[in-house]
Amino acid sequence: MHFDLIQTLSLAGKPDVPNDDRIGCATRHAWVIDGATNLGPPGLLGELGGAAWLASAAQRAFASADEGPLQGICERVFDALARDYARDRQREPLAAWELPRAAFAAVALEGDSLVCAHLADCVVLHRGQDGIAFLTPEPDREAERAEAAALGPGTGAHGVRTPAVLADRRTARERPRAVLGVDPQASRDGTLYTRTPVARGDDLLLLSDGFAALFDTYQVHTPASFFEHLCHHGLDGLARTLRAIEQEDAACLRYPRFKMSDDASALWLRIG
């Protein structure tokens, strides 16, 4: 078995800010990476912000990985990130919040099974003969919504650069959490792996949390309705729905959040 690519889509949250998501696939493994929003100016890694640096470094590592068991691929990625960070770092980080970090999810075909790995809040959906299931935890941004609401109405409309939001996000960033970062042992310890049987014709969706917001933040789709819409309108139709909701709530009042729009990426694969 192998992966057939059906569609990919990746949108920046703002047209004037680079997209820190990365997606890709090879014959038997695929991945999505979501770089965590920078909370300070570039400098630690030169002119490139930490989110873009980490997402690009992880993209190179996944793309150059030899086919094989997913755990081995991921562990080589973790080691590559540590080596690249040691090479590219310009100074000591100001604090733990400045260390580059990301969410990721990856999948690989191993025999007649699919193995899924993830850290943090990227999402993988599988549609097979027995129905549709999340291979990662179901999206849940309730805690983030509560934190945004606690900072006052319309927090996200003013962006992450306001002093109150920036201080809050730096504090939150320093809380212990399993993420993809530059400490390979921490990434190894935090990564969760699952295995599920698959067959030819099954569909897979890999999503960054900005695209998965259709499930949790905006609650306009169930997995079943998402796939139904996907089959009739493609990823582009879903992306238009996503951005229309965000534009209609540009003040971030109906849906408290830290950005009006996040980077949003999706990869649609079929097992061939």
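Given the structure, is residue 165 closer than 25 Å to residue 8 by Cβ, β-branched (Val, Ile, Thr) and surrounded by 15 or more Cβ atoms within 10 Å (Cβ to Cβ)? It is false that residue 165 is closer than 25 Å to residue 8 by Cβ, β-branched (Val, Ile, Thr) and surrounded by 15 or more Cβ atoms within 10 Å (Cβ to Cβ).
A single member of 94, 70, 44 is touching a residue at least 40 places away in the same chain (Cβ under 8 Å) and touching a Pro at 6+ places or on another chain (Cβ under 9 Å), and it is 44. When residues in the stretch 68-109 are screened for being assigned to a loop (DSSP other than H, G, I, E, B) and surrounded by 14 or more Cβ atoms within 10 Å (Cβ to Cβ), 5 of them pass. Summed over the stretch 52-67, residues that are among the polar types (S, T, N, Q) and crowded, with 16+ Cβ neighbours inside 10 Å total 2.
Of the residues making up the stretch 163-182, those that are in a loop (DSSP other than H, G, I, E, B) and not acidic (Asp, Glu) are 175, 176, 177, 178, 179, 181, 182.
The residue that is nearest to the chain's Cα centre (by Cα), counting only those in the stretch 171-188 that are loosely packed, with under 15 Cβ neighbours inside 10 Å and not charged (D, E, K, R), is 176. Would you confirm whether any residue within the stretch 11-20 is buried (at least 22 other Cβ atoms within 10 Å of the Cβ), of a type in the set (D, E, K, R) and assigned to a strand (DSSP E or B)? Checked against the condition, which is being buried (at least 22 other Cβ atoms within 10 Å of the Cβ), of a type in the set (D, E, K, R) and assigned to a strand (DSSP E or B), the stretch 11-20 yields no hits at all.
Laboratory data are not the source of any read-out in this text; all were calculated from the coordinates shown. No experiment lies behind these values; they were computed from the predicted model shown. Note that we place each Cβ from the backbone using ideal geometry, even for glycine, and neighbour counts take in every protein chain shown.
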